[in-house]
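The structure appears right after this line, and notes come after that.
Quick note: the coordinates plus some simple rules give every number you see, no bench work behind them. Worth saying up front: this structure is predicted, and the values here are computed from it rather than measured. Reconstructed Cβ throughout: ideal geometry from the backbone, glycine too, with neighbour counts over all protein chains shown.
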Amino acid sequence: MIDKFFKNILKLFGFIIIFLGLLIFLSLFSSSLPSIKKFGLKFLFLSDWDPVNEVFGGLPFILGTLITSLLAFIISLPFILSVTIILGVYFTEGFIAEILRHIIDLIAAIPSVIIGFWGLFVFVPIVREVELLLGVTPYGVGIITASILLAFMILPYSASIGKDAMRLVPQDLKEAAFSLGATKWEVIKKIMIPYARSGIIAGMFLSLGRALGETMVVTMVIGNKNSIPQSIFEPGNTIASVIANEFAEAITHLHVSSLIYLGLILFLITMLFNIIAKFMLKKFKI
Amino acid sequence: MTKKLKLRLFKDKFYFILLLILSLIPIFLFILIIIHIIKKGITVIDWSFLSQLPKPVGEEGGGILNAIVGTILLIILASILTIPIGIVTGIFLYEYSNSKLAYIVRIISEIIQGIPSIVIGILAYIWVVKPMGHFSGLSGGVALALIMLPIVIKTTEEMLKLIPNELKEASLALGTPYYRTIFKVMIPTAISGILTGILTGIARIAGETAPLLFTAFGNPFLNFDIFKPISSLPHIIYLYSISPFEDWNQKAWGASFILLIFVLFLNVLIRILSVKKK
């Protein structure tokens, strides 16, 4: 009797979570409805963002988000692969391996506002000097600054999954290659990476998902300019950073609604990336 | 040795050194940031910094007591909202592991975990701030709870799965009702793992800023009322770091130091606890 009641309670909580999931989507959708009604899908391609005249287009932010994340990913890529191989092949056990692994994981634990703060006071002046040398306008803040810091922050997600995938490569496969006279590097390149490929790529999608939604670091060092960036050295804005900057101060109904519309778009993009990552991990069965 | 073999052996060494150097760069950067925060922060911290409220701009002194109290309140609030739902849902996923319902719940929990924190802030705004008509600590707590929930659900389920089936069966075979088996046998066995999960959740939300910007909002006064705006360490770091006042920037280093030490301490604790389990 009580058992049946207990099991029904358990099921009830399952339904509560499903309800929560639906509520999340419906809340975002209904709150952005005024903006969706007014601008429709054209919102994605309009480049004006003018709260005073109530004209809103999401293109600068959508482009800003995609450019910063992609650039961060490209910068991060050599480091992701290096850490994946170093921790997945060369240092798999022992004291040094553990220390390296924990430090890489701890990167993800630093609160992003602290990285943003450090970036603003230490890294931005360095970028400014470099920009002077390169002969571009020395803003210091801008897309490239945000991307480099993002590249650092997203590294642990793919490195830790990639490392696990490399460690799962069957021993006999490696030994077969070694016995044929292959060097360690050749085994890594021709046997291990192809075998662990889907795990490594899944981690990369997770990292990209993090980069797309990261808010504080970007808000603090990207320069917050609401137009389509002309070069990577210019200030820009991402979906997350424009919401962080304007949401609390937005007065008109349409402004708030347009910001939530942007939030909905960001939600859908990151969800897509996370689902792809999950799908690839399932295939790999980690 | 033939020339070709020499080249192959050279390549082998070359790539190892290259990869090692590339791997050490992020580690070096991590240490650099930590040392910088500690060096800058430690000079700011004294008793008055921890025990006083912020003074108006231009006046010397003052502290960040409001933010420390706010962060503690927000963490407690989020934990109260999350832990019961998270644990019961975790039990549900364990018990109905292969059902369709559990499959959907798992996917939704994963989707919630992937929602960018700024969007979580929007949700708490829609659910709490808008109906109440003003910013509040409660809305910040709801936002943080939503971030913490999937972590607690997942660890509870995984910790229960780790318990040998025999233990559960032994209890059931003695005629213990199912709910008692769960509460008297399963949960106590898994409790340290579940606590680690809760700590992981707390470590994750302690540094969250984005969802608090337009929910908890910040408050320069000491406030214990969750229906009013409330300050927090990450929020004060953001606010003080982008301000033009030198004195506030200094305070931001101090606040960063405290937050960083707290978060790193939690992370190290979690790692020690989970190593012990293995």
Please enumerate, by chain and number, the aspartates and glutamates with C-alpha under 20 Å from the C-alpha of A:Lys42, excluding those fewer than 8 residues away in the same chain.
A:Asp50, A:Glu54
Hey, could you get me the Stokes-Einstein D for region B:1-138, Kirkwood radius over alpha-carbon pairs, 20 °C and 1.002 mPa s, rounded to whole µm² s⁻¹?
99
Can you pull the Kirkwood radius for region B:213-269, inverse mean 1/r over Cα pairs, to one decimal in Å?
12.4
Would you work out the relative contact order for region A:2-284, in percent, from Cα pairs under 8 angstrom that are 6 or more residues apart?
28
For region B:66-277, I need the span (max minus min coordinate) of the C-alpha atoms along each principal axis, in Å, sorted largest to smallest.
68, 39, 28
Between region B:106-153 and region B:80-95, the Cα center-to-center distance that results, in Å
17
12 Å beta-carbon shell around B:Thr176, net charge (K/R +1, D/E -1):
+1
Chymotrypsin sites (Phe, Trp or Tyr not before Pro) restricted to region B:134-241 and DSSP loop, no more than 14 other C-beta within 10 Å:
B:Phe221, B:Phe224, B:Phe227
Sorted from largest down, what three extents in whole angstroms do the Cα atoms of chain A have along their principal axes?
77, 72, 31
Candidates B:Leu146, B:Leu101, B:Leu65; GNM for chain B (alpha-carbon contacts under 10 Å) flags as most fluctuating B:Leu101
27 Å Cα-Cα threshold exceeded, pairs from A:Lys283/B:Lys4; A:Lys7/B:Lys276; A:Lys4/B:Lys168; A:Lys184/B:Lys276:
A:Lys283/B:Lys4; A:Lys7/B:Lys276; A:Lys184/B:Lys276
Report, to two decimal places, the Cα Rg of region A:1-98 normalised by 2.2 N^0.38 Å (N = number of residues).
1.93
List the residue ranges in chain A for DSSP H helices whose C-alpha atoms run 27 angstrom or more along the long axis and whose Kyte-Doolittle average is -0.5 or above.
A:2-39, A:59-85, A:143-167, A:193-213, A:253-284
Over its Cα atoms, what ratio of radius of gyration to 2.2 N^0.38 Å does region A:126-176 give?
1.98
Place +1 on the Cβ of every Lys and Arg and -1 on the Cβ of every Asp and Glu in the protein assembly as shown, take the dipole about the Cα centre, and give the residue among A:Asn274, A:Phe178, A:Ile67 whose Cα lies farthest towards its positive end.
A:Phe178
In chain B, whole DSSP H helices that both stretch 18 Å or further along their axis by alpha carbon positions and average at least -1.0 on the Kyte-Doolittle scale are B:3-42, B:65-95, B:100-114, B:137-162, B:187-206, B:246-277
Alpha-carbon radius of gyration plus Dmax, which is the widest Cα pair, for region B:167-237 in Å
20.4, 59
Please arrange A:Glu246, A:Glu175 by counting, for each residue, the other beta carbons lying within 10 Å of its beta carbon, fewest first.
A:Glu175, A:Glu246
In a Gaussian network model of chain A with springs linking alpha carbons closer than 10 Å, the residue among A:Ser147, A:Ser31, A:Ser76 that fluctuates most is A:Ser31
In terms of the charge dipole of the protein assembly as shown, which places +1 on Lys and Arg and -1 on Asp and Glu at the beta carbon, the residue among A:Leu100, A:Ile243, A:Ile24 farthest towards the positive end is A:Leu100
Binned Cα-Cα distance frequencies in the protein assembly as shown - 20 Å width, integer %:
19, 52, 25, 3, 0
For chain B, set up a Gaussian network in which alpha carbons nearer than 10 Å are linked by springs, and say which option among B:Gly121, B:Gly58, B:Gly90 fluctuates the most.
B:Gly58
